[in-house]
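Single-structure report; data block below.
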Amino acid sequence: MAPSATSLVCLGAIAGAHGIKGLVRLKSFTARAQDIAAYGPLQDAQGARRFELALAGSSRGALIARINGVDDRNAAERLKGEKLYVARDRLPPTAAGEFYHADLIGLTAALQDGTALGRIAAVHDFGGGPNLEIERDKGDSVMVPFTASVVPVVDIAAGRVVVVPPIGLLEAAEPQLKEKKR
């Protein structure tokens, strides 16, 4: 039986083909990029496919890897966008005050005064640092920078984070919500 989605951690994604012999470009989400290959075979989100990686180098900020069974460019191109997961229990334990981004998904987000804001739906990094996508209890999602000043409390054991939104962040979302309801 495949592990449940909640027991999986996304370590990277296939960014595309590299060359004509089946190599792929990888975007690694691990602290050290090359560690993506350190946890043994990876899998897709459903556990239906396994990917055995052999790193072959790097190019323009991406790792280059061979995947067992992928022998030509066409096969490599078909994998573009595939996310690569590992079972959570294969990762090293976190130290006090540390956590994996996957541990944040589903946590309750509240303001400093205790007002409920919503739940963390995802952690995104578009190049400027991580952001938390919070599904609000009322209305659309809001993105907040995942910095110590905006999210000063992360309490995995209690299942919550405290958010101190930058001035105007939540208020800016309100007019958009009202317009959508019309």
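Since every read-out is calculated from the coordinates, none of them should be taken as a lab result. A quick note: this is a predicted structure, and the numbers were derived from the prediction, not measured. Glycine also receives a Cβ, built like all others from the backbone with ideal geometry; neighbour counts cover every protein chain displayed.
Between GLY168, GLY139, PHE126, whose Cα lies farthest towards the positive end of the dipole of the chain when Lys and Arg beta carbons carry +1 and Asp and Glu beta carbons carry -1, centred on the Cα centre?
So the residue we want is PHE126.
Normalised by the number of residues in the chain, what is the relative contact order in percent for Cα pairs under 8 Å and 6+ residues apart?
17
Hey, how much of the P(r) for segment 20-119 falls beyond 20 Å, as a percent of Cα pairs?
On the way: 2409 of 4950 pairs.
Result for the distance tail: 49 percent.
Less than 19 Å apart at the alpha-carbon level, and either on another chain or at least 8 residues along: which aspartates and glutamates does that give for LYS27?
ASP35, ASP44, GLU52, GLU77, GLU82, ASP125
Where the only charges are on Cβ atoms (+1 Lys, Arg; -1 Asp, Glu), what is the dipole of the chain about its Cα centre, to the nearest 20 debye?
Numbers: 22 positive and 20 negative charges, 121 e Å.
Using only the charged Cβ atoms, the result is roughly 580 debye.
Which of the GluC sites (Glu not before Pro) found in segment 94-155 are loop residues per DSSP with 13 or fewer other Cβ atoms within 10 Å of their Cβ?
GLU98
Run the Debye formula on the Cα coordinates of the chain, all scatterers equal and no solvent, and tell me log10 I(q)/I(0) at q = 0.11, 0.15 1/Å.
-0.59, -0.94
Once Lys and Arg get +1 and Asp and Glu get -1 on their Cβ, which of GLN43, VAL86, ALA56 lies farthest toward the positive end of the dipole of segment 7-90?
Final value for the positive-end residue is ALA56.
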